[in-house]
Each structure stands twice: as C-alpha cells, then as structure tokens.
Amino acid sequence: MTRKGKAGKKELSPIDIYKLLPKTNCKECREENCMAFATKIVNREIQINKCLPLLKQQNSKAHNQLKEMLKPPVKEV
C-alpha cells in the first residue's frame, strides 16, 4: 500500500513493488523470495535489475513501471 509521508509525498511499500514483480521466488537476486526482494528495493538496499526474470521481454511493462515508481522525487526550485 502506498501511504503519504512527509510533505504529502507517497511512500512505497513492499506490497506496491511486489505486485509488479514476476513472483517466481527463483532466488536469482540472491534473496529468499520476491517479498524479501521487494522490501530491499523499498529500503534502497538493492536495485531492480538484480531481478533477472523482471528483465525479460514479457516483463518489460512491469520493469518500466517499477523504474518510474523508484525515480527520486524532483525538488521544486
């Protein structure tokens, strides 16, 4: 679930990330399962390109969505 953090910005939860992952629990990222991987993504401890199934053509839409979600917020000047 996405919740609002400081200054009304939405914060990502592991569930938000998990929903877009392939959910194969393949351990190619070296994590125990996809939920553990999603948690590390939210905590900025790992990058999404470590999920090899996510890099496959059939998952390109989800990969692009995740990249967009994980972009740092643009600060107003």
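The values are calculated or read from the model by the stated rules, or taken from the named source; none is laboratory data. A quick note: this is a predicted structure, and the numbers were derived from the prediction, not measured. Note that each Cβ is placed from the backbone with ideal geometry, even for glycine, and that neighbours are counted across all protein chains shown.
Please go through region 57-71 and give me each residue that is over 10 Å from the mean Cα position of the chain (by Cα) and either under 14 Å from C29 (Cα atoms) or exposed (fewer than 11 other Cβ atoms within 10 Å of the Cβ) (or both), ordered by number. Can you show your working first?
Going through region 57-71, the residues over 10 Å from the mean Cα position of the chain (by Cα) turn out to be 57-61, 64, 71.
Those that are over 10 Å from the mean Cα position of the chain (by Cα) and either under 14 Å from C29 (Cα atoms) or exposed (fewer than 11 other Cβ atoms within 10 Å of the Cβ) (or both): Q57, Q58, K61, K71.
Which residue pairs have Cβ atoms under 6 Å apart, sit 6 or more places apart or on different chains, and have a first residue in region 58-77 that is free of Cβ contacts under 8 Å to residues at least 40 places away in the same chain and a second that is assigned to a loop (DSSP other than H, G, I, E, B) and surrounded by 11 or more Cβ atoms within 10 Å (Cβ to Cβ)?
N59/P22
For I46, which of the numbered conditions (1) touching a helix residue (DSSP H, G or I) at 6+ places or on another chain (Cβ under 8 Å); (2) assigned to a helix (DSSP H, G or I) fails to hold?
Every condition holds for I46 apart from (2).
In region 59-76, what residues are of a type in the set (D, E, K, R) and outside any helix (DSSP H, G or I)? I'd like the intermediate steps shown before the answer.
The initial filter retains those residues of region 59-76 that are of a type in the set (D, E, K, R), namely 61, 67-68, 71, 75-76.
K71, K75, E76 - these are the residues of region 59-76 that are of a type in the set (D, E, K, R) and outside any helix (DSSP H, G or I).
Based on what the data block shows, is L54 over 16 Å from I15 (Cβ atoms), modelled with pLDDT of 95 or more and surrounded by 17 or more Cβ atoms within 10 Å (Cβ to Cβ)?
Working: over 16 Å from I15 (Cβ atoms): yes; modelled with pLDDT of 95 or more: yes; surrounded by 17 or more Cβ atoms within 10 Å (Cβ to Cβ): yes.
Yes; evaluated as a whole, the condition is true for this residue.
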